1. Given the residues A113, A147, which is the only one that is away from the ligand (no atom under 13 Å from the Cβ), farther than 21 Å from A81 by Cβ and assigned to a strand (DSSP E or B)?
2. Within the stretch 668-690, can you find the residues that are touching an Asp or Glu at 6+ places or on another chain (Cβ under 9 Å) and of a type outside the set (D, E, K, R)?
3. Has the stretch 155-165 got at least one residue that is assigned by the TED database to the domain that holds L16, modelled with pLDDT of 95 or more, within 25 Å of F66 (Cβ to Cβ) and within 10 Å of the ligand (Cβ to nearest atom)?
4. Of everything in the stretch 35-61 that's part of a loop (DSSP other than H, G, I, E, B) and away from the ligand (no atom under 16 Å from the Cβ), which residue is farthest from H80 (Cα to Cα)?
5. Does D189 fit the bill of being modelled with pLDDT under 95, exposed (fewer than 15 other Cβ atoms within 10 Å of the Cβ), within 30 Å of G9 (Cα to Cα) and in contact with a helix residue (DSSP H, G or I) (Cβ under 8 Å, 6 or more places away or on another chain)?
6. Determine the pairs where a residue that is free of Cβ contacts under 8 Å to residues at least 60 places away in the same chain and within 15 Å of P130 (Cα to Cα), located within the stretch 73-91, has a partner that is charged (D, E, K, R) and more than 12 Å from the ligand (Cβ to nearest atom) with Cβ atoms under 9 Å apart, the partner being 6 or more residues away or on another chain.
7. Does P229 fit the bill of being within 27 Å of L104 (Cα to Cα) and either surrounded by fewer than 17 Cβ atoms within 10 Å (Cβ to Cβ) or of a type in the set (V, I, T) (or both)?
8. State yes or no: is V313 over 30 Å from F212 (Cα atoms), within 16 Å of the ligand (Cβ to nearest atom) and of a type in the set (A, V, I, L, M, F, W, C)?
Amino acid sequence: MAQYTRVSGSVGLITLQSPPVNALSAAVRQGIVDLMQRALSEPEVKSVVICGQNGIFCGGADIKEFGGQMSGPPLIPMIHAIEAASKPVVAAIEGIALGGGLELALGCHYRIAHSKARVGLPEVTLGLLPGAGGSQRLPRLIGVPAALDLITTGRHVTAAEALKFGLVDQITDHNTVNVAVKFAQRVADQPLDARRISTYPCLCPSDVAVLFEEVMQRVRRTARGAIAPIACVQAVRAAATLPYNQGMERERELMATLFTSGQARALQYFFFAQRAVGRWSMPSGARWDTSKPRPVHKAAVIGLGTMGRGITVALAQAGFSVVAVETQEKQLMEAKQKISGMLERGAKRRGVAPALDKINYGRNIQSVADADLVIEAVFEDMALKKKVFQQLSAVCKPSTFLCSNTSGLDIDQLACQTRNPELVVGMHFFAPAHVMKLLEVVYGPKSSPLAVATAMQLGKKIGKVSVAVGNCRGFVGNRMLKPYLEQALFLLEEGATPEFVDQVLEEFGFAMGVFRMSDLSGLDVGWKVRMADGLAMPDPTTGQPTRLRQGRRYSPLGDLLCEQGRFGQKTGRGWYQYDKPGSQVAKPDPWLHSFLDEYRARHALVAHRIDHQEVLERCLYSMINEGFRILEDGIAAGPEDIDVIYVFGYSWPRHRGGPMFYAATVGLNKVLERLEHYYQAHPDVPSLQPCHLLRKLVASGSPPIQKWREVIKKVRSQL
Ligand SMILES: CC/C=C\CC(=O)SCCNC(=O)CCNC(=O)[C@H](O)C(C)(C)COP(=O)(O)OP(=O)(O)OC[C@H]1O[C@@H](n2cnc3c(N)ncnc32)[C@H](O)[C@@H]1OP(=O)(O)O
């Protein structure tokens with residue numbers, strides 16, 4: 001909807017009214033069309049201002065409308081009509097002007113922005129391009145290089161940057177609408193021909209063809225199979241090479257392809273999934289909207305290894321006072337130096353002062369006594385963590401939240417070491433913790449809603465996407481990773497090479513295949529866990545590693561590599577070879593190929609031809625099957641939680657929506673049928689046995705992912 005008022009006698013003010021972000025719903029578009037006609041028809045009105053209510057200009061097209069039948073006046077003719085108007089139209093931009101919102105402003109003859117406003121064309125992040133003339137007007141207004149940057153990245157720019165680009169005409173610290181009204185009065189008699197952006201020539205640098213080639217190559221390299229960034233480059237190229245009308249036609253064609261693509265659906269699903277995880281709930285019924293967090297002023301981090309350092313930096317950068325504790329003097333000095341370096345580099349990038357003074361270092365656990373929240377980040381060893389929690393419980397004030405950065409150990413066992421188990425939660429960060437967006441907030445059976453709400457809010461304040469999950473081995477992310485890694489090893493046993501498996505997964509869109517990733521994170525990490533679990537032990541009778549553990553198929557390949565000191569990048573050898581320890585350039589290793597041949601021969605394994613389909617299905621469907629088990633067990637509240645965890649924590653390609661959304665797009669019946677097929681072929685691999693929830697969903701006619709929660713509720717109530 002939109003409202004019309006006449007201000008200062010001669011200015012028609014159109015206010016978009018569609019909370020929360022004044023998105024351009026059918027009703028809003030209709031309102032703009034009607035009210036523009038009214039303003040143009042009133043002889044007293046000499047100029048028009050368009051603004052949005054509640055300090056927000058416009059968040060763009062209404063994304064909720066994309067899935068259904070579009071109705072109401074289309075955006076492109078509406079914007080053309082504004083640009084063609086015989087009276088000056090001024091956009092008063094407060095808050096945000098994004099996507100269709102900025103395209104609307106580009107159709108206006110002038111743009112006045114508040115100094116705190118942000119503008120951008122983020123359509124690419126939704127699998128689209130700026131298809132309401134944005135791809136044609138923006139390069140005409142600010143030039144091809146800047147337009148390519150904004151349109152292919154979707155980044156938001158500040159009002160100051162927008163002014164520098166010439167994207168807005170003026171910025172103000174005052175009431176933007178008032179300033180725009182005065183401006184509109186001043187320009188009421190000015191000719192408009194020079195203000196219609198669609199009539200501008202496109203500003204191209206002399207080497208524009210080279211520029212497009214370079215940008216296209218960069219985009220292809222980084223898009224990991226996403227089609228929208230490529231279409232964005234093509235649309236801007238049309239602006240640079242074709243007259244406006246033909247450019248618009250090209251924009252329309254490209255948009256039509258994107259609009260109906262699976263990628264756009266996946267990215268739009270993911271947009272809402274990201275927001276859904278903030279509305280967390282626990283099986284007890286506690287929820288985000290009924291659980292109040294307690295403010296945290298002072299935080300503490302125990303253990304300054306890689307994870308502890310990253311967490312300390314994330315907290316300090318967000319403005320928290322941090323007590324950082326490392327008991328060994330040498331490690332403390334080293335950590336202090338590294339943390340200061342990280343803060344200085346981060347501050348330089350962001351153009352701010354480094355938050356060095358936010359951190360107090362100490363060797364004694366007593367120094368965290370008055371912290372509001374402590375994050376333990378010591379080595380992943382239950383006995384050690386238990387000891388730390390006992391100490392923390394003794395020294396901290398009774399109200400202190402005690403959190404563990406464990407990547408999969410039992411939170412309940414840690415909570416049991418403390419006086420106030422209800423204040424204990426897991427805060428599972430991902431390395432590097434000051435960079436990676438994901439935080440799993442893990443509640444145990446005793447964790448209070450207050451503790452979960454506080455950890456979730458802290459996560460938000462330090463810029464993380466926080467997902468509340470239940471307590472089980474590996475939580476959500478690492479629990480699902482286990483069958484995925486396991487299948488990758490089985491595929492090697494059966495004839496594949498690490499290069500082939502990685503190639504298939506990277507073509508699917510992962511930033512790194514499973515073996516390259518394993519080399520990067522270090523093979524020894526999982527080896528130590530398997531040893532602690534009694535898995536990575538040679539067979540006591542033969543001294544040879546067996547391929548069976550606890551009645552299930554087991555691949556000792558990773559253990560055997562570790563026994564050879566092949567820990568990955570850090571030792572210069574792993575699943576690949578590297579020029580030197582620490583190098584990141586992975587090369588196929590003939591030694592490994594011979595090792596695999598010998599291993600197969602020793603175990604009488606006959607290598608068979610493994611194709612793309614088998615790699616993808618076995619790795620991904622076994623992981624997805626575990627995802628369904630997680631939903632069945634109530635460890636994740638819904639499929640969105642799993643998908644957000646996988647995209648932000650495990651480099652799952654966002655344009656595929658996340659593993660659970662991917663399962664829905666493949667078809668649940670197909671996933672079920674292929675799992676049944678593989679389980680029949682590998683009955684000693686329980687992760688391939690289709691779980692009850694998957695069967696139930698298929699039996700319920702494979703409802704859309706938005707409806708899964710209803711089926712999950714029924715399945716859980718039957719268990
Ligand atoms: C022909 C096609 C032409 C044009 C194409 C487009 O315009 S595509 C849309 C382009 N716009 C965007 O991509 C903006 C998307 N929104 C955002 O980036 C953020 O929401 C925003 C506006 C920066 C606000 O962020 P904030 O953190 O303050 O709030 P939050 O993200 O939680 O959003 C609040 C609720 O608003 C809903 N919402 C936001 N934008 C839209 C939108 N464009 N359409 C529909 N709904 C939108 C959002 O979902 C939140 O609601 P909730 O119920 O919590 O999900």
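1. Values: A147 fails: assigned to a strand (DSSP E or B).
Result: A113 is the single residue among A113, A147 that is away from the ligand (no atom under 13 Å from the Cβ), farther than 21 Å from A81 by Cβ and assigned to a strand (DSSP E or B).
2. V671, L675, H677, Y678, V685, S687, L688, Q689, P690, listed by residue number.
3. Filtering the stretch 155-165 down to residues assigned by the TED database to the domain that holds L16 leaves 155-165.
Cutting the leftovers down to modelled with pLDDT of 95 or more gives us 155-165.
Keeping just the survivors that are within 25 Å of F66 (Cβ to Cβ) gives 155-157.
Then keep just the ones that are within 10 Å of the ligand (Cβ to nearest atom); that gives 156.
Within the stretch 155-165 (the criterion being assigned by the TED database to the domain that holds L16, modelled with pLDDT of 95 or more, within 25 Å of F66 (Cβ to Cβ) and within 10 Å of the ligand (Cβ to nearest atom)), the answer is yes, since at least one residue qualifies.
4. As a first pass, look at the stretch 35-61 and keep what is part of a loop (DSSP other than H, G, I, E, B): 42-46, 56-57, 59-60.
With the extra rule that they be away from the ligand (no atom under 16 Å from the Cβ), the set shrinks to 42-46.
Details: E42: 20, P43: 22, E44: 23, V45: 20, K46: 19 Å.
Only one residue fits best here, namely E44.
5. Details: modelled with pLDDT under 95: yes; exposed (fewer than 15 other Cβ atoms within 10 Å of the Cβ): yes; within 30 Å of G9 (Cα to Cα): yes; in contact with a helix residue (DSSP H, G or I) (Cβ under 8 Å, 6 or more places away or on another chain): no.
When the stated conditions are applied, D189 does not pass them.
6. I79/R137
7. Answer is no for this residue.
8. Working: over 30 Å from F212 (Cα atoms): yes; within 16 Å of the ligand (Cβ to nearest atom): no; of a type in the set (A, V, I, L, M, F, W, C): yes.
In short, no.
The values are calculated or read from the model by the stated rules, or taken from the named source; none is laboratory data. For clarity, every value in this text was computed on a predicted model and none was experimentally measured. Virtual Cβ from ideal backbone geometry, glycine too; neighbours counted across all protein chains shown.
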